[in-house]
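Notes for the one structure printed next.
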C-alpha cells in the first residue's frame, strides 16, 4: 500500500534543466543527502531529456483498454509522458463505472446526461517504507520520513474536451507542400528548428468513451469504436522496421515480360497478330500471388491507338482479355479472338501510320498472398517498383506497316493475310 504520493510539475521543454551538474568525488569528501539526491536527479533528468526529445511520448506497447459490463480494464504496458518519464504498468487494472462517475463529479443517484470521458495515464512519485528519523539535537521529538521513492503512475478520468485536445488534432499537418514544394529532408530540418515542449499536459490518453444513464440500476459504460484514434504512440525502431518491411522489402514485383517493350520496340503487323493469338503475353512475379486477383480480367488493359491518315485523330481500340491463367508465379494473358479477327484486323487493313500499343496492369488490384498490393510502377527496368504498394505497370511499343519497318518474322507460318 502506498503511503504518500506527490504529483510532479508537467511543464517540460528542452531547457527544463538548464545545465547538468555531476558530483565530483575525491578522497575525504563528505557526502550529504543533498549530494546523493543530486546524483539521482542528474541521471533521471538526463534520461528523461533523451526520452522526450529523441523518442517522443505516448504509448510504447500494451495498455490496451476494454469494457466489460460496468468495468473498464487496462492491460499491462509501457508509455512515456510528455516530460519523458516512464509509465510502467505491470498488472491489469480494473476500474468500476462508479469510480469513473466519481472522478467526473457525476451524481449517479439521479439521471444525468450522457457524458464523454477520456482515460489518462499520468506519472506519480510514490514515497513508501515509512521510517522514524532519530531526533536531532534541536528537536525534541522523532520525525517521520520515507525510505524509498517509487516511480509510479495513476489512471484518471477527465471530460474528453479537457484531455489535451490541442495535442490530438489529426487535421493539423506541419509540413505543407511536402513532396511537392519541399523535400522530406527540408521538412524535417524545418521542424527541428523548434524544440518540442509540453505544458500542463501530463496525460497520456489511452481511450475515450461515454458514461450513460443508469438502466435497471446499472451504469452504461461504453468505449468509442475509434477509442484508439487519439492515443499518442512512440514510433519505436521495431515498429518502424516492421512498417518498412511491409511497404518495401516484402512487396511483390514484376520481374519479366515476354514481349519486347519500350521506345525501341517495333513490330510488324504480322508479328503483332502473332503475339496476340499465338505467343501469348506472359508476366512473371517474384512472389506467390493471390490467384483470384491475378486472373481478374479487369486488372489488365491492352490499348491500340490507330491513325488511318494524317487528318484523323487516333482511334482507341481496347483489346479485351478472354481469360488469364496463373501458374508458378507467371500469368498468361489470352485475348479475345473475335475482337482480333473482326475488329482489329479490319481497322488495320488501310494502315498508313504506326500503331501505338499500350500495356497497363493495375497493381492496386493485384495482391500477394498476404493481401499486399503489387508494387507495379515501372521506373526504368525490372524488377518494377518504387517501394510503395500499388501503382500501374505501364509500357508501350510501336506496330507499323511493312513499308515502314523491316519484317522480323517470329514464325514462318505467321501471316497477316
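Before moving on, here are some points about what is shown:
- In terms of its C-alpha gyration tensor, the chain has a prolate overall shape, because the principal axis ratio a/c (a ≥ b ≥ c, square roots of the eigenvalues) is not below 1.5 and a/b outweighs b/c.
- The range 202-228-the range 237-285 distance, computed between alpha-carbon centres (Å): 51
- Listed peptides 393-399, 24-30 by packing density, highest first (mean Cβ within 10 Å): 393-399, 24-30
- On Cα atoms only, tilt of 33-50 relative to the major axis of the chain in degrees: 20
- FRET efficiency estimate (nearest 0.05) - Cβ-Cβ, residue 287 to residue 350, R0 60 angstrom: 0.85
- Burial order of peptide ranges 52-60, 263-271, 371-379, 68-76 (average beta-carbon count within 10 Å, highest first): 371-379, 52-60, 263-271, 68-76
- Separation of the range 69-130 and the range 354-380, taken as the distance between their Cα centroids, equals 50 angstrom.
- The alpha carbons of the range 219-304 occupy a box of 78, 34, 23 Å along the principal axes, longest dimension given first.
- Evaluated at q = 0.13 Å⁻¹, a Debye calculation over the C-alpha positions of the range 254-400 (equal weights, vacuum) places log10 I(q)/I(0) at -0.58.
- The peptide list 250-260, 203-213, put in order of mean Cβ contacts within 10 Å with the highest first, becomes 203-213, 250-260.
Laboratory data are not the source of any read-out in this text; all were calculated from the coordinates shown. Everything numeric here is computed off the predicted structure, so don't read it as measured data. Note: ideal-geometry Cβ built from the backbone for every residue, glycine included; neighbour counts use all protein chains shown.
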